Amino acid sequence: MIAVRLLKNFLKWIVVAFFASTILSVVALRFVPVWFTPLMFIRVAQQISDGKELKLRHSWVALEQMSPSMPVAVMASEDANFMTHHGFDFKAIQNAAKRNLTHPEKRKMGASTISQQTAKNVFLWPGRSWVRKGFEVYFTALIELFWSKQRIMEVYLNSIETGEGIYGVEAVAQEHFNCSAEKLSREQCALIAVTLPNPRRFSSLHPSAYVQKRQKRILREMKFVPSLPAKGKDK
């Protein structure tokens, strides 16, 4: 009985420590730049394992130091309902599930929002397991609760993988376009947005015919996506 009671107390404190540490980290990252993510370390380990030259380009910049077209481009490409949902786009999830069931021979369609991708990039590891997905739901709910939409977008645009060893909009702007994120053109923003589903396959530096075709589609859709409000305007 004593052993059982001790085990229960031990598990209870593990649960308490988990919730306390995760909530505190989310609150802290509402104000502190995210300099590194788990994916960055994973990619470095892969480079070492493959005997490749180490490459990690990442520079944090405030949302105000990015082209205003950049948030619009990623919303048009990745999450058109970003400003109106609370972390999960249930209509998109339903449509994706229906399409995957009716067309199993095609590539699986995802429905992750920018909030979900941000939670995954900052707090978790790549993968498709149900355990990781459960943690993603948890962290998505937390950042939607404690962060503004502007902060979610700021962290997202600073942490996304944008090329081989390149992370964030500022780094890819410098590497591929020889300019700062603030100076990116509308066309360049759309080009970067196209590559995000698979930035190590699709390049904004040497865009394929497919990437250029998708860029044109995103440029058209950007006309119907409102600009991201200034900080402090959404909450």
Practice problem: Determine the share of region 120-166's accessible area contributed by carbon and sulfur atoms, expressed in whole percent, with a 1.4 angstrom probe. | Solution: 69
Exercise. Taking 7 Å along the Cα-to-C-beta vector as the label spot, tell me the Met1-Ser49 distance in nanometres, rounded to one decimal.
Key: 5.0
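Any idea what the dipole of the chain comes to, in debye rounded to 20, about its Cα centre with Lys/Arg Cβ at +1 and Asp/Glu Cβ at -1? Provide the component values of the computation, followed by the final result.
Values: 33 positive and 18 negative charges, 155 e Å.
With Lys and Arg at +1 and Asp and Glu at -1, about 740 debye.
In terms of the Cα gyration tensor, with a ≥ b ≥ c the square roots of its eigenvalues, is region 164-235 rounded because a/c is under 1.5, prolate because a/b exceeds b/c, or oblate? Could the numbers behind the result be given before it?
On the way: a/c = 1.99, a/b = 1.31, b/c = 1.52.
Verdict is oblate for region 164-235.
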Quiz item: Of Leu39, Leu205, which has the most accessible area and how do the rest follow, probe 1.4 Å?
Solution: Leu205, Leu39
Self-check item: Proportion of all alpha-carbon pairs of the chain beyond 31 Å (%)
Solution: 26
Self-check item: In region 169-234, lysine pairs closer than 28 Å at Cα, eight or more apart or cross-chain
Solution: 8
Quiz item: In nanometres, what is the gap between the two model label sites at Phe18 and Cys179, each 7 Å from Cα along Cα-to-Cβ?
Solution: 4.7
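Taking each full run of DSSP H in the chain as one helix, which ones are at least 20 Å long along their axis (Cα atoms) and have mean Kyte-Doolittle hydropathy of at least -0.5?
Values: long enough: 2-28 (38 Å, 1.71); 130-146 (24 Å, 0.71).
Within the chain the helices that satisfy the rule are 2-28, 130-146.
Note down the relative contact order for the chain as a percent, whole number, built from C-alpha pairs under 8 angstrom at least six residues apart.
On the way: 290 pairs, mean separation 62.1, N = 235.
It rounds to 26 percent for the chain.
Leaving ligands, DNA and RNA out of it, rank Cys179, Cys189 by accessible area with a 1.4 Å probe, largest first.
Details: Cys179 30, Cys189 0 Å².
The ranking, largest first, comes out as Cys179, Cys189.
Solvent-accessible area per residue for the chain at a 1.4 Å probe radius, Å²? Before the final figure, lay out each step's value.
On the way: 13450 Å² over 235 residues.
Accessible area per residue: 57 Å².
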Exercise. Report, by chain and number, residues whose modeled amide H sits under 5 Å from the one on Ile166, excluding near sequence neighbours (fewer than 5 apart, same chain).
Key: Arg57
Quiz item: How would Val32, Val44, Val26 line up by accessible area, probe 1.4 Å, largest first?
Solution: Val32, Val44, Val26
Quiz item: Most mobile of His58, His206, His85 per a Gaussian network model of the chain (Cα springs, under 10 Å)?
Solution: His206
Quiz item: Can you give the calculated 222 nm mean residue ellipticity of the chain, where each DSSP H run of n ≥ 4 adds -39,500 (n - 2.57) and the sum is split over every residue, rounded to the nearest 500 deg cm²/dmol?
Solution: -18000 deg cm²/dmol
Practice problem: Give the shape of region 1-85 as rounded, prolate or oblate, defined through the alpha-carbon gyration tensor: a ≥ b ≥ c are the square roots of its eigenvalues, a/c under 1.5 means rounded, and otherwise the shape is prolate if a/b is larger than b/c and oblate if not. | Solution: oblate
Quiz item: Dipole of the chain (Lys/Arg Cβ +1, Asp/Glu Cβ -1, origin at the Cα centre): which of Ser159, Val137, Trp147 lies farthest to the positive side?
Solution: Val137
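The values are calculated or read from the model by the stated rules, or taken from the named source; none is laboratory data. What you see is a predicted model, and the numbers here were worked out from it, not measured in a lab. Glycine gets a Cβ as well: all are built from the backbone with ideal geometry, and neighbour counts include every protein chain shown. These accessible areas exclude ligands, DNA and RNA; they are computed on the full protein's heavy atoms, side chains included. Shrake-Rupley method; radii C 1.70, N 1.55, O 1.52, S 1.80 Å.
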